[in-house]
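The values are calculated or read from the model by the stated rules, or taken from the named source; none is laboratory data. Everything quoted here is computed from the prediction, not taken from an experiment. FYI the Cβ positions are ideal-geometry reconstructions off the backbone, even for glycines, and counts take in every protein chain you see.
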Amino acid sequence: MAHCKRKPSKDTLATNSYNFARRVLVIEDIWAPCCCALPQEGVQPDPVTFVAVLNACASVSALEEGRCAHEQIIRSGCESVVFVRSSLVDMYGKCGSMQDAWRVFNKMPSQDVATWNAMIFGHVKCGQGQKALELFQRMQQEGVCPDRVTLVGVLNACASVVALEEGRGAHEQIIQRGWDLDAFVGSSLVDMYAKCGSMEDAWRVFCKMPSQDVVTWTAMILGYVRCGQGEKALELYKRMQQEGVQPNAVTFTGVLNACASLMALEEGRSVHQQMIQCACHLDAFVGSSLVDMYAKCGSMEDAWSVFNKMPSRDAVTWTAMIMGHVNCGQGQKALDLFHQMQEEGVQPDAVTFVGVLNACASIMALEEGRRAHERIIQSRCESNVFVRNSLVDMYAKCGSMEDACRVFNTMPSHDVVSWNALLGGFAMHGQGKEALVHFERMCEEGVHPDEITFVCLLSACSHSGFVDEGLRFYALMTTVYRIPAKLEHYTCMVDLLGRAGHLQEAENMIQGMPCKPNAAIWMALLGACRIHGNVEMGERMAKRVLELEPKNAAGFVLLSNLYAATGNLELSENVERQRKERDAKKQPGRTWIEVNDAVGIGYLRSGRPRLLRTNPPR
DNA sequence: TTAGGGTTAG
């Protein structure tokens, strides 16, 4: 028998009445001793007590204690009571053990609607929405009439598997039965349509409801956040308050997400103030959203301030901080946080590892990345597709294409992100041939390239001098895949054409762009002018760069080098003097270098080649 | 009935 961890308390043994059981078990949260202790102390629980115990177990997902209660129920002979059985099914479903739920379900001579509902909700909770929908069909075939709880479960199932058509079918049944004006059902309908991406339908249901409560408003707000319409979400949030509906913790998570997506720091701060007024700011769940919002809005100071005040922090809170530092370009700080998190006994999960791998990639910390990889294997997170893609990316960015390929080749399937990470790696290391070969493989596997794929390919062609292939990819992207060219693609093309000496074509390309050129694209052509010694065009390009970015040191340096290379030493010195006058500081160039058999990132041009980080031989 | 942190380019 599964043993209960907590010791029996005398107080829990005073009575087995339903109300007392509920009070002790649920409210005071010392329910576990009761289910084991009652029979030992000679107090006989009745079916009502057992249901209360099962509900308590279900409410906190305590499977072990639930199983323990089940054994007591069998011994007491109460298992034949219908509502005890349906509570058992419900408990197992809510605790995530559908196998146990099915065992009880199949043993029942007949199932009432509550039991079917428990099974449907159980499957949804376990991420098996499709199975829940199949059960709904079976239930109707067996002549059991669904109630409004069933339909709420079905709508949840549709939302979880993005089954819009089935959702519409459920909506029709709901209208036929006259339940569409019910607050619970209506909120679930709004949620279903929003999760299925049909905000128009969600809005229609929302407007038709006789009154909207905080849940309905929140479902609508979350829908807008999910589909990337953060502004609409904030608008709705304001309207909700004008209508006198008070936001709750769930609403705040949605609104903070909206602020994060819009990088709306001021709005975020004002929501934070409202949260303090409602005393919601210390809630661990919402606190993480608050940390994330400040981090995404670039204010790590505020993120830290919230983080430090939180009474408890879980993996989500730490991960939000880690990601925040990565996005601010503080990779080392992110890794320090990762170590601190573990010292405090918080177990990292798959999302944390994604953040850690990003941090390693951003500072090219190969050894740290390898250690993270080991931890990922130990934590059984390596099957997560985000983690795998991040591993490929980390190894590629840390300079080990060998490891990147090894991880890539052991993946059971590749999505477009996996391919892009690999192709980006080849591009970065000037392995144009490899990039072309792997693009062919990608197409053979039937994975559709996206705009990022083409940035990688164009950049790979550019670095390897593959002009014809680059032009072919550009044509493929715009005509076959109908991906409209963006500034990034034009920059790669200008770089490609320019390096190959097609300077005029490159300039024509910039002039023909539908979008406004930025400094980077003029710089790409200026670099090409330096390679090919075109002073006249180089001067024009430098002028454009410095108009947009007056302190762009690279712009001065490239022009100065162009003058020097073409014998205009006086002009070269003049440009260098202007650079110093404008206080445009040079950043030492880093590149992959080898020093004494060690390969790594370092400075080549500051006197002696100096390694910053090595890539030790394996 | 509504909740938090996630991958690829430049």
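Quick rundown of the values:
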quantity: Residue tally, condition more than 7 Å from DNA strand B (Cβ to nearest atom), outside any helix (DSSP H, G or I), in contact with a helix residue (DSSP H, G or I) (Cβ under 8 Å, 6 or more places away or on another chain) and not aliphatic (A, V, I, L, M), over the range A:388-428; calculated: 4
quantity: Which numbered condition A:Leu88 misses (of (1) modelled with pLDDT under 80; (2) buried (at least 20 other Cβ atoms within 10 Å of the Cβ)); calculated: (1)
quantity: Breaking point among (1) assigned to a helix (DSSP H, G or I); (2) at pLDDT below 85, for A:Ser61; calculated: (1)
quantity: Helices (runs of 4 or more DSSP H) fully within the range A:111-219 counting 1 or more residues that are within 13 Å of DNA strand B (Cβ to nearest atom), at negative phi and among the acidic types (Asp, Glu); calculated: A:183-195
quantity: Every residue from the range A:248-270 that is in contact with a Phe, Trp or Tyr (Cβ under 7 Å, 6 or more places away or on another chain) and surrounded by fewer than 22 Cβ atoms within 10 Å (Cβ to Cβ); calculated: A:Ala249
quantity: Selection within the range A:307-322 - hydrophobic (A, V, I, L, M, F, W, C) and buried (at least 23 other Cβ atoms within 10 Å of the Cβ); calculated: A:Trp318, A:Ala320, A:Met321, A:Ile322
quantity: A:Ala528 vs. criteria surrounded by 21 or more Cβ atoms within 10 Å (Cβ to Cβ), free of Cβ contacts under 8 Å to residues at least 24 places away in the same chain and closer than 20 Å to A:Ser459 by Cβ; calculated: no
quantity: Options A:Val351, A:Val271, A:Val346, A:Val286: the member that is modelled with pLDDT of 95 or more and near DNA strand B (Cβ under 9 Å from one of its atoms); calculated: A:Val351
quantity: Hits in the range A:158-190 (condition: buried (at least 22 other Cβ atoms within 10 Å of the Cβ) and touching a Ser or Thr at 6+ places or on another chain (Cβ under 7 Å)); calculated: A:Gly186, A:Ser187, A:Val190
quantity: The range A:478-521, subset acidic (Asp, Glu) and within 15 Å of DNA strand B (Cβ to nearest atom), residue surrounded by the fewest Cβ atoms within 10 Å (Cβ to Cβ); calculated: A:Glu488
quantity: Selection from the range A:300-320 of residues that are in a helix (DSSP H, G or I) and not small (Gly, Ala, Ser); calculated: A:Met300, A:Glu301, A:Asp302, A:Trp304, A:Val306, A:Phe307, A:Asn308, A:Lys309, A:Val316, A:Thr317, A:Trp318, A:Thr319
quantity: Residue, nearest to DNA strand B (Cβ to nearest atom), within the range A:296-319, restricted to residues that are hydrophobic (A, V, I, L, M, F, W, C) and under 16 Å from A:Leu357 (Cβ atoms); calculated: A:Ala315
quantity: Leading residue by the ranking (farthest from DNA strand B (Cβ to nearest atom)) among those in the range A:374-387 that are touching a Phe, Trp or Tyr at 6+ places or on another chain (Cβ under 8 Å) and in a helix (DSSP H, G or I); calculated: A:Arg375
quantity: Yes/no for A:Val455 being of a type outside the set (Gly, Ala, Ser), under 23 Å from A:Ala520 (Cα atoms) and modelled with pLDDT of 95 or more; calculated: yes
quantity: Failed item, numbered, when A:Gly465 is tested on (1) small (Gly, Ala, Ser); (2) within 11 Å of DNA strand B (Cβ to nearest atom); (3) more than 23 Å from the chain's Cα centre (by Cα); (4) surrounded by fewer than 20 Cβ atoms within 10 Å (Cβ to Cβ); calculated: (2)
quantity: Selection status of A:Gly66, without any contact (Cβ under 8 Å) to a residue 40 or more places away in the chain and over 29 Å from A:Arg138 (Cα atoms); calculated: no
quantity: Pick from the range A:220-257, criterion outside any helix (DSSP H, G or I) and hydrophobic (A, V, I, L, M, F, W, C), ranking: nearest to the chain's Cα centre (by Cα); calculated: A:Cys227
quantity: Filtered residue count, the range A:321-341, keeping only those that are more than 13 Å from DNA strand B (Cβ to nearest atom) and in a helix (DSSP H, G or I); calculated: 6
